[in-house]
Structures are given as C-alpha cells and as structure tokens.
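Please treat every number below as a calculation from the coordinates, not as lab data. Just so it is clear, the model here is predicted, and its values are computed rather than measured. Methodologically, a virtual Cβ is constructed for each residue, glycine included, from the backbone with ideal geometry; neighbour enumeration extends over all protein chains shown.
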Amino acid sequence: MKYNSVFDIIGPVMVGPSSSHTAGAARIGKAARNLFGKQPKWAKIHLYESFAKTYKGHGTDFALAAGLLGFETDDPQMSKALEIAKQNGLEIEFIEDSASAVNPNTARLIIGDDAEQLELVGISIGGGKVEITELNGFELRLSGNHPAILIMHNDRFGAIASVTKILAKYEINIGHMEVNRKDVGKEALMVIEVDQNVDDDILKELEEADHIIQISKIVS
Amino acid sequence: MFRTVAELVEIAEKENILISEVMIRQEMDVKEKTRDEVFEEMEKNLQVMERAIDDAMQGVQSVTGLTGGDAVLVQKYMKEKTPLSGHLMMDAVSKAMGTNEVNAAMGIICATPTAGSAGCVPGTLFAVKEQLNPTREQMIRYLFTAGAFGFVVANNAFISGAAGGCQAEVGSAGAMSAAAIVEMAGGTPQQSSEAFAITLKNMLGLVCDPVAGLVEVPCVKRNAAGSSLAIVSADLALAGVTSRIPCDEVIGAMYRIGQQMPTSLRETGEGGLADTPTGRLLKEKIFGMTM
C-alpha cells in the first residue's frame, strides 16, 4: 500500500499552496540532502510534466531549495528559500524538461560540491507523499515511510550476507529490501527499509564490512 | 489493515465501534504508538486548521491578488442577511474558502488530503460544530473518520489533481467530510459510506484546470462546492437515502475516469478554465508570458 498512515491523508502541516508541488517538492529536496549527507554547493534540477508546467506558481522551485537546505514542510521561511540558498552558497539551476515521465510530478536532482555529486529522481504522488525512484543510475522504490539504509557495494557473493549479519546482531528488523546492480560484478545498490532508526555506530560497522563502498541513511 | 470501504464498515459493525475508532486502532498498530500519542498528533493538525480559519477571517490576499477576502465577504453577508441556503451551509462554505485563501497566500495549513482541497474538511467541521456541539475528542475523531475514507481512496485510486483531476482532490475531500459529518451527527458506519459515495458520485469527471497553474482559480470556490455538497450528502444519508452504486465501485469509477483524463486537464494549467481568454490573459499578466 502506497499510504500507510492516517497522517498521510490528514497532513502534512505545510506552507501552501500545493501538497504535491510545494510540500512534496520540499521532501524530495530534503531526501536528496540527507542522502548527500551535507548541504550541496550546487544543484541542477530537471522538472518534468506538471512540475515543469506549473512550478513557478506553486513555489516548487523554492520548496526544492528549502528541502536542500534541510527545511521541513511547515517552515515559515519556505518562500524565501531561494534567497537563503544563495546566501548559504548554494547555486541552483532549474531546467524545464520536455521529456515525458511516468509520474506527472517528477524531478531529477543532480547535486554536488567540489568533491562529489549525487543524482536522484523523486516523484510526488499526492498529498505531500513522495517516492525516490532512482539514485545514481540505480532504479529503486523508496517510500520514506520507514528509516532506510542505502548501501553502495561491489556485486560479489557474501556482500549481502555481511550486511544482514550485522543487522541481525543488533536485532534490527528488515521491513523491505531490494538489490540492484548496473552489471554483473560491478557496482550495486542495496536498499534496506528498517523498522527503527539505525545508530551511526552500526553504520560505521556496516561500512567496514566486506565489499561495501559507501553507506547513507534516511531517517523517517 | 482495511483496504476497502466495505472492509472498513464491516470492521466497525462487527466490533461495534465507530469508523474513527477503526482508524485510530490501525494507526496505533502500524506506527506502534499509544492512543495518547496518536490523539496528540491529530490535535496538532486540528489546531493548525483552527488557526488557518482564524487567519482567513482577518482577511488574506494571495501574492497575485487573484484570491482572498471572499470568506470575509460571506461572513458579512451572513450577519446582514439570511442566506438562502442556510446559516450552517454558508458558514461551512466561508470557512472552507477561507482555509484555501490562506493556502493560496502561502500561509500554513493542514493538507486534507491535499493543500488544494484543504478547505472542505475543516470548513465543514467548524460549521457543523456550531450545531452539534461536539467535545474536543469528537472533533479529533472527525479527522480520523475523514482520514479513514481518504486512506482507502489514496491506496485504491489517487488524491492528487496531477494524477486524477480535481475529482481526486476536492471530490475526495468533500466525500471524506460527508462521511465524518455523518459519524459526528450520530449516523451509522454504513451511512458514512453512503454519504461518501453520494458526494464522490457528484464530483466524478471534475477536471483540474488551475488558471496560470496556481492553486487559486478555481480551487478556492471548488472547496465551497465540495463542502456544501458534503453537507447535503450527509443529510441525505442520515435521512436513509442510499447510493445505488456501492462506495468502493464509485472510487473505482473515479480512478478509471482519472486515468482517461488528458494531461491538459490534470494540473498542468493548459486546459479548461486555464485555457479561456481570461484565463490566458491572467497568466500573461502574472508571469509576463503567453501560453
């Protein structure tokens, strides 16, 4: 089920005017920031379909900026986020992309700083609810309903077992898990939705496990 | 977990509890929270709704100037004249429009189920409250009942205009309100389901065609339509009128109609009212460009 809480329906509390285009956009921006692990210095944001056609009127642009700055959907500074981003050294470029997308409210965010970059596709499915459908070229389906760990690893036998063994040791239950790879033996992405937030100590231990390249987490 | 309205009503009837109670128990179960925690969270949403209506009654204006002030106008009319459709009805309409005026002015609202349709649930609640004198707990339960029905729509169809047109937003919001009014007025779970079905049936096919792509025209007045239809449908259901088409089948019809809607009528600001001479002119004025 796409929606699992009554507060997806009665909520979120948000700055207007659109739950899909404003609150949802802010949440996509925030998911990107969380996955990047820090505030990016630049962002190139491609907008598709309804996002592309109506983003100015709905404040989708400042909402995405607000998310990248780490704002919540009801932050009263939301509408000033573009200026605040500029003051904080975050350059944002918006591209109205005419390519078609499966979901009417789709954004592709390419964000980075001097050292690294991240590419993410987020969709806003209604009432402020979002899903992350692509990360650095990997397809995934991340609902944001639960905390999640994203693990970039080498496609080798034992990689998954080494991760699940550590989670089992700390009695962390896996609610949903998927693994996606670019090619046999190349980079792969493990997405694990868990029932409770995972401590940084455990993440550190996961990072040192066999065949693991990089780890990030999303707090629900 | 209930997946359909039929299941929702069945649980309520079998356990002899209210629809709101089914939703509260499921939320406690899914989120592993106590009753107090779940109530507290909903109380916060209720407070946001209350504040938005208060703000609206002071008079608000959107940045574009397209919307704002109509809620105040209606309240003034109600004081000076006797509204033809009755005081409660116009009070709901005014509070629903007011909430959406605050939303259009980029104020803080609670999405129910979306921001564009955020007026219907609080508008009807704070109007019906004057006549039914509910306790604070019953007001919070109103939101759980509305949420239970919205939950089914969101999981079986859609609640966003971009996905399914305005029928998915104001249609759902109005129907959720109708179901909640019935429970507050002492109706049965089945009557809530009838009220929901009757409302949504009358919203089928409604397109999402915002002028200049803004959540202003016609969104504010569509919340007036959604909230008034909710009250009429609740009265019909409480009188014993039933929907010949079962609630879940109406939701299914709404889903299929939404899938058949062209993109131009799903929140792209390209068709319908947005594509009228005045609609295009307003867009040009606001953004300094032609369509």
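Descriptive notes on the structure:
- For chain A, the 222 nm mean residue ellipticity estimated from helices alone, with every DSSP H stretch of n ≥ 4 adding -39500 (n - 2.57) and the total spread over all residues, rounds to -8000 deg cm²/dmol.
- Taking each of A:Lys53/A:Lys129; B:Lys95/B:Lys285; A:Lys56/A:Lys129; A:Lys129/B:Lys129; A:Lys30/A:Lys80; B:Lys14/B:Lys129 in turn, the alpha-carbon distance tops 23 angstrom for B:Lys95/B:Lys285; A:Lys129/B:Lys129; B:Lys14/B:Lys129.
- Averaged over peptide B:158-170, the number of partner chain Cβ atoms lying within 10 Å of each residue's Cβ comes to 5.
- Ascending count of other beta-carbon atoms within 10 Å, so fewest first, for B:Cys110, B:Cys120: B:Cys110, B:Cys120
- The range B:94-185: trypsin sites (Lys or Arg not before Pro) in DSSP coil with no more than 10 other Cβ atoms inside 10 Å: none
- Alpha-carbon Debye profile of the range B:5-287, log10 I(q)/I(0) at 0.07, 0.12, 0.13 Å⁻¹: -0.23, -0.70, -0.82
- Axis of helix B:189-201 versus longest Cα principal axis of chain B: the two differ by about 20°, to the nearest ten degrees.
- Hydrodynamic radius (Kirkwood) for the protein assembly as shown, which is based on Cα pairs only, to one decimal in Å: 23.3
- Diffusion coefficient, µm² s⁻¹, Stokes-Einstein with Kirkwood Rh over alpha-carbon pairs of the range A:67-220 at 4 °C and 1.567 mPa s: 75
- The loop-placed trypsin sites (Lys or Arg not before Pro) in the range B:187-291, going by DSSP, that have at most 16 neighbouring Cβ atoms within 10 Å of their Cβ come out as B:Arg244.
- Surface/4 of the Cα convex hull for the range B:139-291, nm²: 8.9
- Helix-only [θ]222 nm of chain B, DSSP H runs n ≥ 4, -39500 (n - 2.57) each, per residue, nearest 500: -20500 deg cm²/dmol
- For chain A, the longest site-free run once chymotrypsin sites (Phe, Trp or Tyr not before Pro) in DSSP loop states with at most 14 other Cβ atoms within 10 Å are removed: A:1-156
- Computed on the range A:132-220, the Cα convex hull volume stands at 80 Å³ per residue.
- 10 Å Cβ shell holding at most 16 others, DSSP loop, GluC sites (Glu not before Pro): longest site-free stretch of chain A: A:1-71
- For chain B, the longest principal axis of the C-alpha atoms and the axis of helix B:172-184 are separated by about 40°.
- Exposure proxy shown here: for A:Lys56, A:Lys86, the number of other Cβ atoms within 10 Å sets the order, fewest to most, as A:Lys86, A:Lys56.
- By the Kirkwood approach, averaging reciprocal distances over each pair of separate Cα atoms, the range A:6-142 gets a hydrodynamic radius of 14.4 Å.
- Scaled radius of gyration (Cα, divided by 2.2 N^0.38 Å) that the range B:1-80 gives: 1.67
- Only Cα pairs under 8 Å and 6+ residues apart enter the sum, and on that basis the relative contact order of the range B:149-225 stands at 30 percent.
- Rounded Å value of the spacing that divides the Cα centres of the range B:264-281 and the range A:128-193: 42
- DSSP bridge pairs, chain A: antiparallel proportion in percent, nearest 5: 90
- Full-stretch length increase - B:Leu132, B:Thr4 - with 0.36 nm per residue and alpha-carbon distance subtracted: 43.2 nm
- Measuring between their Cα centroids, the range B:146-183 and the range A:1-78 lie 22 Å from each other.
- For chain B, the longest principal axis of the Cα atoms and the long axis of helix B:120-132 meet at an angle of about 60 degrees.
- Local net charge near B:Asp248, Cβ-Cβ under 14 Å (Lys/Arg +1, Asp/Glu -1): 0
- Across chain A, Cα pairs under 8 Å and at least six residues apart give a relative contact order of 21 percent.
- Using C-alpha pairs under 8 Å with a sequence gap of at least 6, the mean separation divided by the residue count of chain B gives a relative contact order of 19 percent.
- If you wrap the tightest convex hull around every Cα atom of the range B:211-252 and split its volume per residue, you get 83 Å³.
- Eligible aspartates and glutamates near A:Lys86 by straight Cα distance, threshold 17 Å, same-chain separation 8 or greater: A:Asp61, A:Asp113, A:Asp114
- P(r) of the range B:125-168 over all Cα-Cα pairs, binned every 5 Å from zero, in whole percent: 5, 20, 19, 16, 14, 14, 9, 2
- Inverse mean reciprocal Cα-Cα distance (Kirkwood Rh) of the range B:109-205, Å: 13.0
- Listed from fewest to most Cβ neighbours within 10 Å, the set B:Ile286, A:Ile132 follows the order B:Ile286, A:Ile132.
- Shown is the FRET efficiency for A:Ala99 and B:Thr242, computed with R0 = 51 Å from the Cβ-Cβ distance and rounded to the nearest 0.05: 0.60.
- Trypsin sites (Lys or Arg not before Pro) restricted to DSSP loop in the range A:126-215 with at most 13 other C-beta within 10 Å: A:Arg156, A:Lys182, A:Lys186
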